[in-house]
Amino acid sequence: MREKVREYILIFIGVFLVAISLEYFFIPNNIAAGGLTGLAIVINHYIPAISTGPLVFIMDLFLFIVGFIFLGKNFGVKTIVSSFSLAGMMTIIENYFAPQALTNDLMLASIFGTLITAVGMAIVFNANSSTGGTDTIAKIMNKFFHIDIGKSLLAVDFIVTLLGAITFGINIGLYGLLSVIINGIAIDKFIEGFHACKEVTIISTKSDEISKFIMDELERGCTFLKGIGGFSGKDTCVLYAVLGRNEFIKLKQHISKVDPKAFITVGEVHEVMGEGFRNIQ
């Protein structure tokens, strides 16, 4: 139950960041950076009586109905919650806070708006959810035309940015395309950062003492591997462990005290699943 509550809190935080980036960077500068929100910016230009928040809500509702018809009950509750939460937050900001552009520089708006969006979406994805919208179109294209979901999403975003270029000019359209490209890369990097750990391999004459520190003080598991020294030909013990960043710093300090001559290799691990870490899903 506590984990579920935590996930929904993360979803709302992520959605809030996406709403902020849209209302204070993209929408005031007419940057249609793909997705339903980009399409809403274009439609709002032609139908100014309907603001972007309600437009996103209407399109989300329409796509969920279409999704149920063509894909069946293939939607998670979290995705529905995050999708309508985004539309709701955008509507609240538009009605009660009168958002204005924090910068009129299109390059700054594209970069900072995209980075904030990427952080928000990475948080939402990390909670096993998504912002819905064009994901539904991509799934339908994948089912009936056998086009990869990634390529389908890219195609939909490209069409939206093209509409943005036609509506607001090629200059703003290119900034929208730039935002789409940066967003895809940045989301992956942020998601990797959430779960990054240190993979540590240690060869030491004090391996028993070091392993005891890992298990008792850091409360992490470790594994002994049998090895043979290439130069000496002697049997040796290799200690393997995966630790968080802060845990690795503590381990390094401990090793420097008990065996300054230890041989250590450290690698970056982007995701770890299993006991003591994330559940395998």
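The values are calculated or read from the model by the stated rules, or taken from the named source; none is laboratory data. Please read all numbers here as calculations on a predicted model, not as lab measurements. Here Cβ is always computed from backbone atoms with ideal geometry, including for glycine, and neighbour counts include all displayed protein chains.
Filtering the stretch 199-208 for residues that are at negative phi and free of Cβ contacts under 8 Å to residues at least 40 places away in the same chain leaves a non-empty set. If the condition is being surrounded by fewer than 20 Cβ atoms within 10 Å (Cβ to Cβ) and without any contact (Cβ under 8 Å) to a residue 24 or more places away in the chain, then the stretch 45-63 contributes I47, P48, A49, I50, I58, L61, F62.
Would a scan of the stretch 195-212 turn up a residue that is over 30 Å from I264 (Cα atoms) and either modelled with pLDDT of 80 or more or within 20 Å of the chain's Cα centre (by Cα) (or both)? Within the stretch 195-212, not a single residue is over 30 Å from I264 (Cα atoms) and either modelled with pLDDT of 80 or more or within 20 Å of the chain's Cα centre (by Cα) (or both). Taking the criterion of being closer than 19 Å to I43 by Cβ, of a type in the set (F, W, Y) and at pLDDT below 90, the only residue of the stretch 137-178 that qualifies is F158. Of the helices (runs of 4 or more DSSP H) lying entirely inside the stretch 8-96, the ones with 1 or more residues being basic (K, R) and in the same structural domain as I137 (by TED's automatic domain parsing) are found at 77-96. Of all residues in the stretch 93-109, those satisfying the criterion of being surrounded by 13 or more Cβ atoms within 10 Å (Cβ to Cβ) and not hydroxyl-bearing (S, T, Y) are I93, E94, P99, A101, L102, L106, L108, A109.
Return the residue satisfying two criteria in turn: it lies in the stretch 97-148 and is within 19 Å of the chain's Cα centre (by Cα) and outside any helix (DSSP H, G or I), and of such residues it is nearest to A49 (Cα to Cα). Step by step, filter the stretch 97-148, then rank; the result is G133. Comparison of F25, F70 shows that the only residue that is surrounded by 19 or more Cβ atoms within 10 Å (Cβ to Cβ), farther than 22 Å from N126 by Cα and not acidic (D, E) is F25.
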